[in-house]
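What follows is a set of notes on a single structure, which appears directly below.
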Amino acid sequence: MPQEKQKAPLAVMAKPVGSRCNMRCAYCYYLEKGKYSASAKQTRMSYALLERLIRQTIDACPGPVVSFTWHGGEPTLAGMEFYQKALELERKYLPRGWEAWNNLQTNGLLLSESWCRFLKENRFDVGLSIDGPAAVHDRNRRQVNGGGTYERVRAAIDRLRAAGIEPDLLCTVNAVSEARPLEVYRALRETRCGWVQFIPVVIRDTASGAAPGSVSPEGYGRFLTAVFDEWVTRDLGTLDVQLFAEMARIMAGGEASLCWMRPVCGHVLIAEEDGAVYSCDHFVDSEHRLGTLYESSLARMAGGEFQRAFGQAKRDGLTDECRSCAYLRFCGGGCPKDRFGVSADGQPGQYWLCPGLKAFFAHAEPILEKVMAMSARGVKPPEIMAALRAEADAVSAEESGGETV
């Protein structure tokens, strides 16, 4: 009997070289995951295993678009030939009328001109990690020998753009960058890329909550607020910030696409280089090992009782404070990995970043409502930004007693 298709789209994050990487980022959570591999030494996913992965992903998806996200570690370490083989296998197994969407998440160090041409010719989307200006980026994102990586990453962005690829920029918000929001944001804007993701670094410390290097809840809220105010009055319509776009989607009656913002999660499985499949990128451990591509199928593992319970626990494990929060529709209670805070009434399991996100949502929601209302009336972004700047100037003048600077 044919394998039953998933009712909802299934996303798979493939790790073709496991946790291997050519960088040593201070806040990396994945480098040590190689200890769970069945391989004595992580190398590269075999072509036989790659074929199983691609065939099973296509079989598990309702179509007509099948998504493949190539992640790591550093996925370019697999070599260009690996992805040529992946494309060949996608063409082999895709039903007539279907198409594959490939996304490469990379640190950019190996992106030569030939790599960029290959990615462009084969319509890969590219997500590239950069933490802002050199002074911020190089504090955490370093080469194996300890040297900084900013100049190489910045050059990779230029090569991608020269090849006709506008990469999505993945920027962490951490203990270094939280106090420098506009410096970070403006450095990213200067790349002339059109999409930015701000990813909070939260490292669990069982003794004190979050370990050094983590962004503070309040710092994260202030960072997002400062960036939002700059974006909404200067860059509306020319640059998109993922969190702001997700908020607008929810306010318009849609559903968030980001897993940590959704009511339930568990729809993005991890396929490692040894064929092992895990519940989530942040839960690669023995407890959340669902099986392997050899002994089961992605559809069966994704639809199994363990994975369903894993995803539903995000909703079922909310604190009372979360359940009554006006902003639950935006954050969904946050990522389960970061639910080690304590609610106002002393209940454990509160999202660690909650105070900062609440402050940000309270600030941004009414402004986004104005933006969306004006946009619905046909007002163009330049006019919307001018109106918001004039309103901000009027408020500032009133607060200063009518004085101008």
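The values are calculated or read from the model by the stated rules, or taken from the named source; none is laboratory data. Note that the structure is a prediction, hence the values are computed from the model and not measured. Glycine gets a Cβ as well: all are built from the backbone with ideal geometry, and neighbour counts include every protein chain shown. Protein only, heavy atoms only, side chains kept; ligands, DNA and RNA dropped before computing areas. Shrake-Rupley method; radii C 1.70, N 1.55, O 1.52, S 1.80 Å.
At a glance:
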quantity	calculated
Cβ pairs under 6 Å, 6+ apart, first in segment 153-168 and closer than 19 Å to residue 123 by Cβ and touching a residue at least 40 places away in the same chain (Cβ under 8 Å), second open to solvent by 50 Å² or more (accessible area, probe 1.4 Å) and part of a helix (DSSP H, G or I)	159/113; 163/117; 163/120; 164/120; 165/120
Residue check, residue 371 at pLDDT below 95 and not in a loop (DSSP other than H, G, I, E, B)	no
Filter result for residue 81 (more than 25 Å from the chain's Cα centre (by Cα), closer than 30 Å to residue 144 by Cβ and of a type outside the set (Gly, Ala, Ser))	yes
Residue under evaluation residue 257, criteria (1) surrounded by fewer than 18 Cβ atoms within 10 Å (Cβ to Cβ); (2) more than 26 Å from residue 128 (Cβ to Cβ); (3) of a type in the set (Ser, Thr, Tyr), criterion not met	(2)
Flag if residue 76 is among the hydroxyl-bearing types (Ser, Thr, Tyr), under 27 Å from residue 311 (Cβ atoms) and surrounded by 21 or more Cβ atoms within 10 Å (Cβ to Cβ)	no
Qualifying positions in segment 296-326 - within 17 Å of residue 256 (Cβ to Cβ) and surrounded by fewer than 18 Cβ atoms within 10 Å (Cβ to Cβ)	312, 315, 326
Qualifying residue in segment 177-185 (condition: within 18 Å of the chain's Cα centre (by Cα), modelled with pLDDT of 95 or more, of a type in the set (Asp, Glu) and within 30 Å of residue 116 (Cα to Cα))	no
Tally, over segment 52-100, of residues that are of a type in the set (Phe, Trp, Tyr), over 24 Å from residue 257 (Cβ atoms) and out of contact with any Lys or Arg (no Cβ under 9 Å at 6 or more places or on another chain)	1
Residue ID - surrounded by the fewest Cβ atoms within 10 Å (Cβ to Cβ), chosen from residues in segment 369-388 that are within 24 Å of residue 325 (Cα to Cα) and touching a residue at least 40 places away in the same chain (Cβ under 8 Å)	369
Residue satisfying all of: in segment 40-58; open to solvent by less than 40 Å² (accessible area, probe 1.4 Å) and not in a helix (DSSP H, G or I); nearest to residue 82 (Cα to Cα) among these	45
Hits in segment 202-225 - residues which are open to solvent by 10 Å² or more (accessible area, probe 1.4 Å), among the hydrophobic types (A, V, I, L, M, F, W, C) and in a loop (DSSP other than H, G, I, E, B)	202, 203, 207, 211
Tally of residues being open to solvent by less than 20 Å² (accessible area, probe 1.4 Å) and in contact with a Cys (Cβ under 8 Å, 6 or more places away or on another chain) across segment 187-197	2
Selection count, segment 151-170, where residues are under 18 Å from residue 235 (Cα atoms) and touching a helix residue (DSSP H, G or I) at 6+ places or on another chain (Cβ under 6 Å)	2
Tally of residues being in a loop (DSSP other than H, G, I, E, B) and more than 23 Å from the chain's Cα centre (by Cα) across segment 336-363	5
Residues of segment 339-366 classified as of a type in the set (Asp, Glu) and modelled with pLDDT of 95 or more, total	1
For residue 366: the one exception among (1) loosely packed, with under 13 Cβ neighbours inside 10 Å; (2) over 34 Å from the mean Cα position of the chain (by Cα)	(2)
Given (1) at pLDDT below 95; (2) on the phi > 0 side of the Ramachandran plot, number of the condition residue 256 does not satisfy	(2)
